[in-house]
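In what follows, a single structure is set out as structure tokens and then discussed.
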Amino acid sequence: MTDHAPIIEIRNVTKRFGKVAAVDDVSLDIRRGEFFVLLGPSGCGKTTLLRMIAGFELPTSGQILIDGQDMAGIPPNKRPVNMVFQSYAVFPHMNVAENVGYGLKIAGVGRAERDERVREALSLVKLDGFAERRPDQMSGGQRQRVALARSLVMRPKVLLLDEPLSALDAKLRAQMQFELSDLQDQVGITFVTVTHDQDEALSMASRIAVISKGEVAQLASPSDLYEFPANRFVADFVGSVNIFEGKLILDEPDKAAVDCPGLGKVYLNHGVTGPHGADVWVALRPEKMYLHVPGEGKAVRAAAQDAPEGYNFARGVIKGMSYLGDITLFEIRLDSGAMIRASRPNLSRHDQEDFTWDDRVSMHWRADSPVVLLG
């Protein structure tokens, strides 16, 4: 269970390599007992920030506190954290039990207590019966569990994970996402994970900090991050999205409208607090759009004319289709010439046969679906 009191406090932290600021004046709190994810593209500074928490890198300026203690001058092995590296870094010449118990042995923990804690750690990561195995006799997912057990056995206050699932295949990665979330909930330790995989972040995190060019672009829960992105970078980076430039032509407390040359007038059932005529961007997720054949559904067309209380409406021609199993993704050329993506769940085995290339289609979406991003 998450305690809203912070266990990690990052205060105005900057890390420079020469003239380049890998992390630029970052301040954020990580709560006790939460699954916190640092998400961003390669080179954005997320791993550098994680390594500063671990003590493997020192801030150029700023302060990092863990459980109220300033970490300045505290070496990695004295910090109340453990780190699971991207490569797992298990010792090939040791069996599983020896790998997991290595830190305890170095710390001088007695044999009987060490064996019991190793047994408990292996049980936590579902490796009962694997104590005598060698790493080269195990799958990638099992080796990852060994690395997790080796960190958990030390009972840290914070577990740091650097791209922990990147070496796994897609199916195993999806399975391990759920297992990591369950494990974190079971042990109650604060997990801080670095990843560039948005699906991984959304599925595991209680909160996500999106990092861009060394700065925090947005800090929010997964649902808020996806549904209410703070800026164009976050909207474009997290999930699939259509973004259209336009001008704000109406802004009242309960309604707004944006004139987008590529999409037409987009109506919203809420205000956006921007000056009339301001340059803005409209973000619209593909799954928020409904496809149908032109001419069908009189009620839909009637509602479309009743915006902003009803629906927005557009027409175009299908120029591409990607069948992805659970959904089909459509690339549609609008009558304006602009391209837009819409997705449709395949609720039956024959849904994907309803539309095909060069079909003319209509689209509608609710007035609460678009997000307006100010410049």
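The values are calculated or read from the model by the stated rules, or taken from the named source; none is laboratory data. These numbers come from a predicted model, not from an experiment. Reconstructed Cβ throughout: ideal geometry from the backbone, glycine too, with neighbour counts over all protein chains shown. All accessible areas refer to the heavy atoms of the entire protein, side chains included, with ligands and DNA or RNA removed. Shrake-Rupley method; radii C 1.70, N 1.55, O 1.52, S 1.80 Å.
Structure notes:
- Pair list, Cβ under 9 Å, 6 or more apart: region 283-301 residue closer than 30 Å to Ala230 by Cα, other residue at pLDDT below 70: Tyr290/Val300
- Options Arg11, Arg51: the member that is part of a strand (DSSP E or B) and not aromatic (Phe, Trp, Tyr): Arg11
- The set of residues in region 337-375 that are open to solvent by 50 Å² or more (accessible area, probe 1.4 Å), among the small types (Gly, Ala, Ser) and within 26 Å of Gly271 (Cβ to Cβ) contains only Gly375.
- Test: residue in region 7-14 that is farther than 20 Å from Leu202 by Cα, in contact (Cβ under 8 Å) with a residue 24 or more places away in the chain and among the polar types (S, T, N, Q): yes
- For region 175-212, the set of residues classified as part of a helix (DSSP H, G or I) and within 17 Å of Asn82 (Cα to Cα) consists of Leu180, Leu183, Gln184, Val187, listed by residue number.
- The conditions of being part of a loop (DSSP other than H, G, I, E, B) and of a type in the set (Val, Ile, Thr) are met by Val90.
- Taking region 54-81 as the range and being surrounded by fewer than 17 Cβ atoms within 10 Å (Cβ to Cβ), hydrophobic (A, V, I, L, M, F, W, C) and in a strand (DSSP E or B) as the test, only Leu65 passes.
- Boolean, Asp251 is of a type in the set (D, E, K, R), in contact with a Gly (Cβ under 8 Å, 6 or more places away or on another chain) and either modelled with pLDDT of 90 or more or not in a strand (DSSP E or B) (or both): yes
- Options Val241, Val153, Val216, Val192: the member that is under 30 Å from His364 (Cβ atoms), open to solvent by less than 60 Å² (accessible area, probe 1.4 Å) and in contact (Cβ under 8 Å) with a residue 12 or more places away in the chain: Val241
- Of the residues screened, Arg145 is one that is touching a Phe, Trp or Tyr at 6+ places or on another chain (Cβ under 9 Å), free of Cβ contacts under 8 Å to residues at least 40 places away in the same chain and either within 22 Å of Gly188 (Cβ to Cβ) or open to solvent by less than 30 Å² (accessible area, probe 1.4 Å) (or both).
- Output for region 116-142, where each listed residue is open to solvent by less than 60 Å² (accessible area, probe 1.4 Å) and in a helix (DSSP H, G or I): Arg117, Val118, Ala121, Leu122, Ser123, Leu124, Pro135, Gly140, Gly141, Gln142
- Single match in Leu165, Leu172, Leu225, Leu161 (criterion: assigned to a helix (DSSP H, G or I), more than 30 Å from Ala367 (Cα to Cα) and open to solvent by less than 50 Å² (accessible area, probe 1.4 Å)): Leu172
- Comparison of Gly262, Gly239, Gly274 shows that the only residue that is in contact with a helix residue (DSSP H, G or I) (Cβ under 6 Å, 6 or more places away or on another chain) and assigned to a loop (DSSP other than H, G, I, E, B) is Gly239.
- Here Ser27 passes the criteria (1) touching a Ser or Thr at 6+ places or on another chain (Cβ under 6 Å); (2) loosely packed, with under 14 Cβ neighbours inside 10 Å except the one numbered (1).
- For region 312-327, a residue qualifies if it is surrounded by 12 or more Cβ atoms within 10 Å (Cβ to Cβ) and not aliphatic (A, V, I, L, M), and the qualifying residues are Asn312, Phe313, Arg315, Gly316, Lys319, Gly320.
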